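K.L.:
What follows is a single structure, and I will ask about it in a moment.
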Amino acid sequence: MKKVAFYTLGCKLNFSETSTISRQFEEKGYLKVDFQENPDIFIINTCSVTDNADKKCKKIVKEAKKISPNSYVAIIGCYAQLKPTEISEIEGVDAVLGAAEKFRLHELLGDFAKEQEAKVLASEITEARSFNNAYSINDRTRTFLKVQDGCNYGCAFCTIPLARGKSRSNTIESVLASAREIAATDVKEIVLTGVNIGDFGIVDGKRNERFADLVFALDEVEGIDRFRISSIEPNLLTNEIIEFVSQSKRFVPHFHIPLQSGSNTILRRMGRRYLRELYEDRVSKIKTLMPNACIGVDVIVGFPGETDELFLETYNFLNELNISYLHVFTYSERANTRAVELDGIVPMKKRNERSKMLRILSEKKRRKFYEENLGQTFTVLFEEDVEDGKMHGFTENYIRVAAKYDPMLVNELKQVTLDAINAAGNVEVREPEMVYEKH
Ligand code: SF4
């Protein structure tokens, strides 16, 4: 039995795809093993958004060859689509597969016999037109279910459309089938994943369905306790969706909404499809209907043209906004994007200072959000994540909870009352022994 190991860089989408590819291998009779267990084959799923993608890729290949010098190494993922030739020249790489090829590893690479030269099988991104269904399973308490891929937006800083292609989706019927399949395993929570999931519904270049209808349909799936929408563009997060989630049986009150900048000047330069007023309106709509909702925000600092004044606009905007945490990205130049042509380059030192300021703000926001929820009762999904005798899990509104370790609680949903924030920044449950079953 040949052994195969996987390494995934990047986002939830990559995790769901690696998981699906690993199931393809298991179905073909391969044994999935950990990276250190002398695999015969390594599959490395790369990301183009990560800083130093090239260095990371080289490092992982080097590690792999140290562990199994005669192994076969195949590189897939966004970075493989963007720089196939460059990657094929890394010592130890046997094959590089692009976005249209990555789900066809067996068909294209046969029995993974090593050859003199590395194989490069990456067609133009315009060829990546079909949707490949994927979800992660057995890897986590939560499952990442891919419902959409690619993006038609073309934001100035973003390489994703170049790496993943045009927007395309699964059908509602097929997503429901996957959700029912997942429900039959013991998974309690599904995180809906995609590049631009609010744009769900395009098949073969034509819009057939709507994301809102997918949400309505999934809410009826028995056997899944929670659905979480991973990240959705503010202009696509409609009142219809927000209102539905506020009444929903299964969709949790947690939204992750990319903002990228709180300055309208920068939003326009980035080519984003909304202004800060719309963002503010989305947040206020959510908070009016769901005062305990968690709202996460993506923000980029140091985009070309971001002067000190414009950065302060972002800082003040976020400071005033009723949000729960930030994901801060420091802008870095990416080849073949419109942003590299723009003037007003921000020195790296400034970018890092701004990033630090927003990370501190994020911690303040998170703490305030946690404090506002203390004393209230929520449902926690406990994970197999034990540290110093404590286990962890998330509430429906994404508060990270710590409780006394009890193996019986792993992958269980329990109602708990939030007591106090501990030194690690997690929320302790009042009396872990008194945790009781949800009815
Ligand atoms: S919406 Fe913009 S940032 Fe998001 S994937 Fe599409 S192009 Fe990239």
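K.L.:
By how many nm would the segment from Asp219 to Glu91 lengthen if fully extended, with 0.36 nm per residue of separation less the alpha-carbon distance? Intermediate values should be presented prior to the final figure.
P.N.:
Numbers: separation 128, 0.36 × 128 = 46.08 nm, distance 4.86 nm.
Difference between extended and current length: 41.2 nm.
K.L.:
Moving to a separate point now. With every protein chain left in place, what is the accessible area per residue of the chain in square angstrom, probe 1.4 Å?
P.N.:
Details: 19780 Å² over 439 residues.
Normalised by residue count, the accessible surface of the chain is 45 Å².
K.L.:
Let me ask something else. In the calculated pair distance distribution of the chain, what percentage of Cα-Cα distances lie above 37 Å? Don't jump to the answer; show the numbers that get you there.
P.N.:
Numbers: 26318 of 96141 pairs.
Every Cα pair in the chain considered, those over 37 Å come to 27 percent.
K.L.:
Taking the Cα centroid of the stretch 278-356 and of the stretch 110-144, what is the distance between the two, rounded to the nearest whole Å?
P.N.:
Cα centroid to Cα centroid, the span is 32 Å.
K.L.:
Then there is this: As a test question: what accessible area, to the nearest 10 Å², does Asp385 have when a 1.4 Å probe is rolled over all protein chains in place?
P.N.:
Its accessible surface works out to 40 Å², give or take rounding.
K.L.:
For the stretch 364-404 and the stretch 54-109, compute the distance between their C-alpha centroids and round to whole Å.
P.N.:
Using only Cα atoms to place each centre, the spacing works out to 38 Å.
K.L.:
What do you reckon, how do Lys12, Lys206 stack up by accessible area (1.4 Å probe), largest on top? Display every interim value, and only then the final one.
P.N.:
Values: Lys12 80, Lys206 135 Å².
Sorted descending by solvent-accessible area, the residues read Lys206, Lys12.
K.L.:
Give, in nm to one decimal, the length gained when the segment between Arg129 and Met348 is fully stretched (0.36 nm per residue of separation minus the Cα-Cα distance). Kindly include the intermediate steps, with their values, before the conclusion.
P.N.:
Numbers: separation 219, 0.36 × 219 = 78.84 nm, distance 3.72 nm.
75.1 nm is the gain from fully extending Arg129 to Met348.
K.L.:
Leaving ligands, DNA and RNA out of it, work out the accessible area of Ser246 with a 1.4 Å probe and give it in Å² to the nearest 10.
P.N.:
Per-residue accessible area (Ser246): approximately 40 Å².
K.L.:
Still on this structure: Can you compute the helix-only [θ] at 222 nm over the chain? Use -39500 (n - 2.57) per DSSP H run of at least 4 residues, normalise by all residues, nearest 500 deg cm²/dmol. Display every interim value, and only then the final one.
P.N.:
Numbers: 13 runs with 140 residues, N = 439.
Dividing the helical sum by the residues of the chain leaves -9500 deg cm²/dmol.
K.L.:
Could I ask something else about it? Show me 237-243, 376-382 ranked by packing, highest mean number of other Cβ atoms within 10 Å first. Please list the in-between numbers first.
P.N.:
Working: 237-243: 16.3, 376-382: 19.1.
Answer by packing, highest mean first, reads 376-382, 237-243.
K.L.:
Classify the stretch 311-439: rounded, prolate or oblate, from the alpha-carbon gyration tensor (a ≥ b ≥ c, eigenvalue square roots; a/c under 1.5 rounded; otherwise prolate if a/b is larger than b/c)?
P.N.:
Numbers: a/c = 3.08, a/b = 2.34, b/c = 1.31.
Prolate is the answer for the stretch 311-439, as a/c is 1.5 or above and a/b outweighs b/c.
K.L.:
How much length is gained on full extension from Ala113 to Asn319, taking 0.36 nm per residue of separation minus their Cα-Cα distance? Working shown, then result.
P.N.:
On the way: separation 206, 0.36 × 206 = 74.16 nm, distance 5.62 nm.
Computed gain between Ala113 and Asn319 is 68.5 nm.
K.L.:
What's the carbon and sulfur percent of the chain's accessible surface, probe 1.4 angstrom, rounded to a whole number?
P.N.:
Details: 9610 of 19780 Å².
Answer for the chain is 49 percent, counting heavy atoms of protein chains only.
K.L.:
By per-residue mean of other Cβ atoms within 10 Å, what is the highest-first order of 275-284, 329-338, 394-403? Show your work: numbers first, answer last.
P.N.:
Working: 275-284: 16.5, 329-338: 14.9, 394-403: 22.1.
Peptide ranking by packing, descending: 394-403, 275-284, 329-338.
K.L.:
Shifting gears a bit: Once you sort the root eigenvalues of the Cα gyration tensor of the stretch 236-302 as a ≥ b ≥ c, which label holds: rounded (a/c under 1.5), prolate (a/b larger than b/c) or oblate (the other case)?
P.N.:
Values: a/c = 2.60, a/b = 2.20, b/c = 1.18.
Prolate.
The values are calculated or read from the model by the stated rules, or taken from the named source; none is laboratory data. These numbers come from a predicted model, not from an experiment. Every residue, glycine as well, gets a Cβ built from its backbone with ideal geometry; the counts of neighbours run over all protein chains shown. To get the accessible areas, we keep the full protein, side chains included, count just its heavy atoms, and leave off ligands, DNA and RNA. Shrake-Rupley method; radii C 1.70, N 1.55, O 1.52, S 1.80 Å.
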